[in-house]
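J.: Pasting in a structure now, in structure tokens, and then I'll have a few things to ask.
The values are calculated or read from the model by the stated rules, or taken from the named source; none is laboratory data. If you're wondering where the values come from, they're calculated on a predicted model, not measured in any experiment. Heads up, the Cβs are rebuilt from the backbone with ideal geometry, glycines too, and the neighbour counts pull from every protein chain shown. We work out accessible area using only protein heavy atoms, side chains counted, and drop any ligands, DNA or RNA first. Shrake-Rupley method; radii C 1.70, N 1.55, O 1.52, S 1.80 Å.
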Amino acid sequence: HCFHPFEMKYLNAFVEDGKKEILLHPLCSAFLYLKWQKIRKYFIARFLFYLMFVSIFTLYVFSVLINFPINKEWVQNGMGIHGNGTAIKKILWREDKTFIFVTWWVLFVLACIEILYKVYGMFGYNSIKQYISQSENVLEFLFILSIFLVAHFYYPEPEPWQSHIGALAILGGWT
């Protein structure tokens, strides 16, 4: 199903002009209902994809960049962790390189898919200037850029600025 980028143009004009009550008209309500029936599976799939994407990014930042303020002896002795906590210890202290490597490549693939989605979304606008004028588009591109900035492959140990970017990206990604 291809969506015409201007299907909602007239209804958006009502909203922009402060005439939201017109949307309650039976004809507009019927159109919105049919539109929702048509796009809801894409909306839900997009929501679930983004949820997975931000969750994996959060996991990556917490496992690679954040220095947890925990008593290291507690972690080494397994206190406060269910079971012996061996896997958690390895992740917290960056000893499990396979986990970090796999998480990074999954994140990289998801970021590439998101970039393609964003580039495709640009075609629904009259110009790139109009696309960039939407603050959510700029924030989403900054989120994607931050994924490449916090990659731990560039330095043997994460730099402090990478932790700051990762924290801001997590905040922006979840909002």
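J.: Would you check if residue 138 is modelled with pLDDT of 85 or more and over 19 Å from residue 59 (Cβ atoms)?
T.: Considered against the rule, which asks whether it is modelled with pLDDT of 85 or more and over 19 Å from residue 59 (Cβ atoms), residue 138 comes out as yes.
J.: Taking residue 145, is it closer than 13 Å to residue 57 by Cα and free of Cβ contacts under 8 Å to residues at least 24 places away in the same chain?
T.: Against the criterion (closer than 13 Å to residue 57 by Cα and free of Cβ contacts under 8 Å to residues at least 24 places away in the same chain), residue 145 qualifies.
J.: Of all residues in the range 108-161, count the ones that are charged (D, E, K, R) and open to solvent by less than 80 Å² (accessible area, probe 1.4 Å).
T.: Number of matching residues: 4.
J.: Only one of these conditions is not met by residue 57: (1) at pLDDT 90 or above; (2) open to solvent by 50 Å² or more (accessible area, probe 1.4 Å). Which number is it?
T.: (2)
J.: Looking at the range 1-54, which of its residues are of a type in the set (A, V, I, L, M) and surrounded by 11 or more Cβ atoms within 10 Å (Cβ to Cβ)?
T.: Passing the criteria: 8, 11, 13, 15, 22, 23, 32, 39, 51, 52, 54.
J.: Sticking with this one: Take residue 132 and tell me if it is farther than 14 Å from residue 60 by Cα and in contact with a helix residue (DSSP H, G or I) (Cβ under 8 Å, 6 or more places away or on another chain).
T.: When the stated conditions are applied, residue 132 passes them.
J.: Scan the range 98-107 for residues that are open to solvent by less than 50 Å² (accessible area, probe 1.4 Å) and modelled with pLDDT of 90 or more and jot them down.
T.: 107
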